[in-house]
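Note sheet for the following structure.
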Amino acid sequence: MIITLIRIFIYIPLGLALRVSQPYRVVGNEGEVPLRCSFSSKLKPEEMQVSLYKGLHGRERICSAYVNLSEPYFTTDGTVNCRGNISSGRVDMIIAGLRGNDTDFYRCEIEILFPPPYLRTIGNGTIVYIQETPNCPTASTQSQIQSQRQISEWENVKNNVGPLPLLYAILIITSCSFILQMIACKWRASVSTTPMLSQKESYMKF
């Protein structure tokens, strides 16, 4: 209780010492969106808490990370997660795991934990627009779909026609093929014997 009162009394006169600003609008792609939260302070922070909230006035916290500026990189876990780093006067983060229905107003909260005094400010907010990723089939997928469609159509034809007419068609095609082969064989035999007969007749004349 005493610590809270101390923070309140310290924060009131120095509240304007920390400002946080954000871009008006950013557009994400494939579930990820970059977001920069710029901050200015009279202090040189060494330890900070960075949080991201969803909604214009909501308190739905998307991610939060404690950062020691000696190692300014951070990452969080969860279905929607954040990763980024803190450099001079700004927090650059990537928000991942977003979907189209996550399009909303997002606000950065910056807390300076050390050195004292404790300072906390929330940014003006950013409209984050998430584009839906269309499920477009690739060329190979389209080819597979076409093949499956053709097979399905053939199965439908076969089922509608029935096995007996299909058997008749196979028999007719087989018989015609056999007859054509026999005719071709006889024609080849006649062509091959014609020159021999001509030579024999010429020999008999002499």
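Side notes on the structure shown:
- From 125, 100, residue being more than 22 Å from residue 44 (Cα to Cα), open to solvent by 10 Å² or more (accessible area, probe 1.4 Å) and either in contact (Cβ under 8 Å) with a residue 12 or more places away in the chain or basic (Lys, Arg) (or both): 100
- A search for C-beta distances below 6 Å between a residue of segment 39-65 that is without any contact (Cβ under 8 Å) to a residue 24 or more places away in the chain and over 12 Å from residue 89 (Cα atoms) and any residue that is open to solvent by less than 30 Å² (accessible area, probe 1.4 Å) and in a loop (DSSP other than H, G, I, E, B), counting only pairs 6+ apart in sequence or on different chains, returns 65/76.
Per-residue answers, yes or no, for (1) of a type in the set (Gly, Ala, Ser); (2) over 27 Å from residue 19 (Cβ atoms):
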| residue | (1), (2) |
| --- | --- |
| 76 | no, no |
| 83 | no, no |
| 87 | yes, no |
| 97 | yes, yes |
| 104 | no, no |
| 111 | no, no |
| 116 | no, no |
| 121 | no, no |
| 126 | no, no |
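- Segment 15-39 - residue that is open to solvent by 50 Å² or more (accessible area, probe 1.4 Å) and either in contact with a helix residue (DSSP H, G or I) (Cβ under 9 Å, 6 or more places away or on another chain) or aliphatic (A, V, I, L, M) (or both) and, of those, farthest from residue 107 (Cα to Cα): 16
The values are calculated or read from the model by the stated rules, or taken from the named source; none is laboratory data. Computed from a prediction, not measured in an experiment: that's the story for all the values here. Backbone-built Cβ (ideal geometry, glycine too); neighbour counts: all protein chains shown. What goes into the accessible areas is simple: the full protein's heavy atoms, side chains included, and nothing from ligands, DNA or RNA. Shrake-Rupley method; radii C 1.70, N 1.55, O 1.52, S 1.80 Å.
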